[in-house]
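To start, the structure under review is shown below, and the notes come after it.
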Amino acid sequence: MTSTTEKAVVHPHPQRWAVLGVLCLSVMVVVLDNTVLNVAIPSISTGLDASTADIQWMINAYSLALAGLLLTTGSLSDRFGRKRALLAGLVLFGTGSAVAAYASSSEALIAARGFMGIGAAVLMPGTLAVLMQLFDDEERPKAIGIWAAVTSLGFAAGPVIGGALIKHFWWGSVFLINVPVAVLAIAAVAVLVPESKDPTVRKPDVLGSVLSIIGMVSIVYAVIELPEHGFGSAEFGVPVTVGLVALTGFALWERHTADPMLDLGFFRNRRFTGAVASGVLAAFGMAGSLFLLTQHLQGVLGYSPLEAGVRVAPMAIALLVTSNTLGQLVMKLGAGRAMLLGMTIVAGGVGLLSIGTTYPPTLAGLILIGVGVGVSQPVAVNALMGSIPPERAGIASGLSGTLTELGSSFGIAVLGALLSARFVASLPDGVPGRSLTEALHSGADIAVVREAFSNGMSVSLVIGAIAVFLGGVVASVLLRRA
């Protein structure tokens, strides 16, 4: 079994910077889709007569597939080749996007989103794994910084693109736009990206794969059911029990099998554990907060999808400026201090969003979030990928992505549940609280409905800000000790 402290000799590839561009394009199509969907939520809700539960399932079906499969697909990409994984993932994701664009019901769109999640799970681990193979120790931090900046830019630019598409086309265009981008990425990967795989021949860990899939799918499903049914329900208790048993069995099996899919020794490395833990807490706070914010901008502040997207754009600008101007300062601070600084700034930004009954405090909060992510994300990714052997980069990236998706699902479910409970409690008797859109069109006083939603969102965003700040504290402690 490969030790977590061994480092393979990596020779720079002559076309490495062009390949990096292809990798960024590949991951961009996946990242854009998530934030594009957030802006399209009101239009989809109206077009398909979708409830809040339907909308959350459109988001969570993707997360369910992604979280359940990332460990397995990361291991398979190491074993059978990262280029093959990139190509297969892009084909699956592009096909799922085309189906989603023309879905005629909520159920059809949920199924298509699940298929897109499968494609993303096949694609995602390979992007960082190929990067690890192409760049040496000197250039790798810069390459990771570019990858992280482009990833974050896609996350922040999605609302602008989604808003423009919704303004000029129907809601399905936010999915259809993925198809030509995926085709372009497939052609570029086929021509430019070299094949790479783990040189160590390992037996397939079939039992480990099955247990990891059952465990993660069950846990994420339980989280999704939590807001509607509560902790004491069978809908939550049964899947969470199945998930915990499966994951315990997975950990025991991985410790004793001769060829484990996942080297649990990764967690003995404080840099790895610190980066992963901070990513989970950051995903919890940010995914849930931005899910609520896009509805607030349109339903409460009254912006169109395009106007809402443009008003989220300052986050992307702040992120780009920060990542391109503060790199040297961050290096001098050290990983621990930089993570604490960045995550604290993000937490402050999310906190400002909680008082955003008008746009100015929301703008200030978005700028702070962009600055904080620009400081912290490259540090976190570099710490994560620099702490494991490059030949195992696929499974390590898959593990990080799995736990981050779990954090995102928890964030959307928990913060969404807090919002819904406060929203319904604040509405006048007889006003339906199934969704903000339904309440606004029920004939009730619009000002009262909007105030009820804002009150609920404020509580949820404060919880999100606390989670992000705790992520910074955890990362700071572990990275300093490392």
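Rolling a 1.4 Å sphere over the protein heavy atoms, what is the accessible area per residue of the chain, to the nearest Å²? Let's see the in-between values first.
Details: 18480 Å² over 482 residues.
Dividing the accessible area of the chain by its residue count gives 38 Å².
Specify the longest stretch of the chain that does not include any exposed loop site, a site being one of the trypsin sites (Lys or Arg not before Pro) with a non-H, G, I, E, B DSSP assignment and at most 16 other Cβ atoms within 10 Å. Present the calculation step by step, with values, prior to reporting the outcome.
Working: sites that count: Lys7, Arg202, Arg434.
Longest site-free region, per DSSP loop and neighbour criteria: 203-433.
Loop by DSSP (not H, G, I, E, B), at most 12 other beta-carbon atoms within 10 Å: where is the longest site-free stretch of the chain for GluC sites (Glu not before Pro)? Mind showing how you got there, number by number?
On the way: sites that count: Glu6, Glu138, Glu195.
It works out to 196-482.
Defining a contact as two alpha carbons under 8 Å apart and six or more residues distant in sequence, what relative contact order in percent does the chain show?
Details: 922 pairs, mean separation 117.3, N = 482.
About 24 percent, as a whole number.
To the nearest Å, what is the center-to-center distance of region 239-275 and region 310-378, using C-alpha atoms only?
Spelled out, the Cα-based centre of one part sits 33 Å from the other.
With runs of 4+ DSSP H residues as the only contributors, calculate the mean residue ellipticity of the chain at 222 nm using -39,500 (n - 2.57) per run, divided by the residue total and rounded to the nearest 500.
Working: 17 runs with 384 residues, N = 482.
When only DSSP H runs of four or more count, the value is -28000 deg cm²/dmol.
On a 0 to 90 degree scale, rounded to 10, what angle separates helix 178-192 from the longest Cα axis of the chain?
10 degrees
What part of the accessible area of region 52-158, given as a whole %, is carbon or sulfur when the probe is 1.4 angstrom?
68 percent
Can you give the convex hull volume per residue for the Cα atoms of region 232-315, as a whole number of Å³? Mind showing how you got there, number by number?
On the way: hull volume 14.4 nm³, N = 84.
Here the figure is 172 Å³ per residue.
What angle, in degrees between 0 and 90 and rounded to the nearest 10, separates the Cα long axis of helix 446-481 from the longest principal axis of the Cα atoms of the chain?
Helix 446-481 sits roughly 20 degrees off the main axis of the chain.
Please list log₁₀ I(q)/I(0) at q = 0.18, 0.25, 0.27 Å⁻¹ for region 361-409, using the Debye equation with identical point scatterers on the alpha-carbon positions.
Debye intensities relative to I(0), on a log10 scale: -0.70, -0.94, -0.99.
Counting only protein heavy atoms and using a 1.4 Å probe, what share of the accessible area of region 197-352 belongs to carbon plus sulfur, as a whole percent?
It is 67 percent, rounded to a whole number.
Could you count how many Lys pairs in the chain have their Cα atoms under 21 Å apart, skipping same-chain pairs fewer than 8 positions apart? Please report the intermediate quantities before stating the final value.
On the way: Lys7/Lys142; Lys7/Lys197; Lys83/Lys197; Lys83/Lys203; Lys142/Lys332.
Close lysine pairs under the 21 Å cut-off: 5.
Along each of the three principal axes of the Cα atoms of the chain, give the extent in whole Å, ordering the values from largest to smallest.
66, 48, 43
Which value, in Å to one decimal place, does the Kirkwood hydrodynamic radius take for region 43-100 when every pair of different Cα atoms is included? Mind showing how you got there, number by number?
Values: mean 1/r = 0.0752 Å⁻¹.
With all distinct Cα pairs of region 43-100 included, I get 13.3 Å.
Quick one: angle between helix 16-47 and the longest Cα principal axis of the chain, in degrees between 0 and 90, rounded to 10, please.
20 degrees
Let me know the charge dipole size of the chain about its Cα centre in debye, to the nearest 20, where only the beta-carbon of Lys, Arg (+1) and Asp, Glu (-1) is charged. Could you put the intermediate results ahead of the total?
Values: 26 positive and 26 negative charges, 256 e Å.
Dipole magnitude for the chain comes out near 1220 debye.
The values are calculated or read from the model by the stated rules, or taken from the named source; none is laboratory data. All values reported here derive from a predicted model rather than from experimental measurement. Note: ideal-geometry Cβ built from the backbone for every residue, glycine included; neighbour counts use all protein chains shown. When the accessible area is computed, the model is the full protein with side chains, heavy atoms only, and any ligands, DNA or RNA have been set aside. Shrake-Rupley method; radii C 1.70, N 1.55, O 1.52, S 1.80 Å.
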